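The values are calculated or read from the model by the stated rules, or taken from the named source; none is laboratory data. All figures in this text were calculated on a predicted structure; none of them were measured in a lab. Every residue, glycine among them, receives a Cβ derived from its backbone with ideal geometry; neighbour counts consider all protein chains shown.
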Amino acid sequence: MAARAYWQGNIRLALVSIPVEIYAAVKSGASISFRQIHEPSGKPISYEKVVSGLGPVDRDEIVKGYEVSKGNYVLLDDDEIEAVRIESKKTLDLVQFVEAHEIDPLYFEKPYYVVPADDLAEEAFIVLREALRSAKKIALGQLSVRGHEKLVALKPCGKGILLETLRYGDEVRQGQSFFKGIGTDKPEKDLIDLASSLIEQKTAPFDASEFHDRYVDALKKLVEKKAKAKGKKVLEDVEEPAAASGGNVIDLMAALKKSVGDSKAKASSRKTSTRKTPAKKRA
């Protein structure tokens, strides 16, 4: 099944308009979700709209409300909400360019791929991509989708362009209030050296395919087994991580030294296993 475009329109830089299509860069079907089921009948549970003290109510009596104080709501109907929706525009204006390091990773939200809409748009698209790459800048704009306006950032991505939606300033909590209780004393140099050695030993190129959600994998296997067992109960034996010995007081130096030693031993074992077994000597 061909991917469906999330948005189609024009990227505009001054007087230049580039027809593009935008596609979601991530999949949403990787996780497992459950429905509540009535076990005797095997049918899914549905939910009624109820009011405390009144019971079930008709759908045409329901409006949206915003809580302005405890128990007090401003009521809004669909027409009032619709009247303030942003008109969906088919143009994404690039209004500002910034250095990549200026945007804190906290603001990045969801990635999308941007491609030229047709062959005629390709030349202008490539010019924009290479200009961004040469300047080492990120383009900013606001994308209107389904009545909402999203702040977005665009940057080169291989032969295409990556668009990422950004959180607005009032959506991000500043970390200073959480970190203010952390001490400012610098640790001993030996401790930092050991930790740095451990980091160096475990440094490798990033490959997302090397990591898996083990809980989701286990759930998928359980669902498969359950389906084959035709409803019979299936219990999996899950290996629990070994409990940490000792109390809360940890000898940090000893723990780091042991970690570095264990890491070196594992690395040496991997190298040994990859070597070919030598041929036996003649008698």
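Once the stretch 138-153 is narrowed to residues that are assigned to a strand (DSSP E or B) and out of contact with any Asp or Glu (no Cβ under 8 Å at 6 or more places or on another chain), the residue that is surrounded by the fewest Cβ atoms within 10 Å (Cβ to Cβ) is His148. Screening the candidates Val95, Val127, Val115 for the property of being under 30 Å from Gly158 (Cβ atoms), touching a helix residue (DSSP H, G or I) at 6+ places or on another chain (Cβ under 9 Å) and in the same structural domain as Ala14 (by TED's automatic domain parsing) yields one hit, Val115. Against the test of being out of contact with any helix residue (DSSP H, G or I) (no Cβ under 9 Å at 6 or more places or on another chain), among the polar types (S, T, N, Q) and farther than 30 Å from Gly158 by Cα, the options Ser33, Ser28 yield a single qualifying residue, Ser33. Yes or no: Leu128 farther than 26 Å from Ala14 by Cβ and assigned to a helix (DSSP H, G or I)? Judged against the criteria, Leu128 is not a match. If you go through the stretch 34-58 and pick out every residue that is farther than 30 Å from Leu219 by Cβ and assigned to a strand (DSSP E or B), you end up with 4. On the stretch given as the stretch 220-264, residues that are hydrophobic (A, V, I, L, M, F, W, C) and at pLDDT 75 or above total 10.
The numbered conditions (1) outside the structural domain of Glu21 (by TED's automatic domain parsing); (2) in a helix (DSSP H, G or I) are all true for Gly183 except (2).
Residue-wise test of (1) polar (S, T, N, Q); (2) without any contact (Cβ under 8 Å) to a residue 60 or more places away in the chain; (3) in contact with a Pro (Cβ under 7 Å, 6 or more places away or on another chain).
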position	(1), (2), (3)
Tyr6	no, no, no
Asn10	yes, no, yes
Leu15	no, yes, no
Tyr23	no, no, no
Lys27	no, yes, no
Glu39	no, yes, no
Tyr73	no, yes, no
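On the basis of being in contact (Cβ under 8 Å) with a residue 40 or more places away in the chain, hydrophobic (A, V, I, L, M, F, W, C) and either loosely packed, with under 10 Cβ neighbours inside 10 Å or on the phi < 0 side of the Ramachandran plot (or both), does Ala195 make the cut? Answer is yes for this residue.
In a residue-by-residue description of the stretch 83-98, the property of being touching an Asp or Glu at 6+ places or on another chain (Cβ under 6 Å), surrounded by 12 or more Cβ atoms within 10 Å (Cβ to Cβ) and within 26 Å of Gly169 (Cα to Cα) applies to at least one position.
Residues checked against (1) β-branched (Val, Ile, Thr); (2) within 17 Å of Gln8 (Cβ to Cβ):
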| position | (1), (2) |
| --- | --- |
| Leu140 | no, no |
| Val152 | yes, yes |
| Gly158 | no, no |
| Glu164 | no, no |
| Val172 | yes, no |
| Gly175 | no, no |
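Within the stretch 88-122, the set of residues being assigned to a loop (DSSP other than H, G, I, E, B) and within 18 Å of Ile11 (Cβ to Cβ) comprises Ser88, Lys89, Lys90, Leu94, Val95, Ala117, Asp118.
For every residue, the table says whether it meets (1) over 24 Å from the mean Cα position of the chain (by Cα); (2) surrounded by 10 or more Cβ atoms within 10 Å (Cβ to Cβ); (3) aliphatic (A, V, I, L, M); (4) more than 30 Å from Cys157 (Cβ to Cβ).
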position	(1), (2), (3), (4)
Arg4	no, no, no, no
Ile18	yes, yes, yes, no
Glu48	yes, no, no, yes
Leu54	yes, no, yes, yes
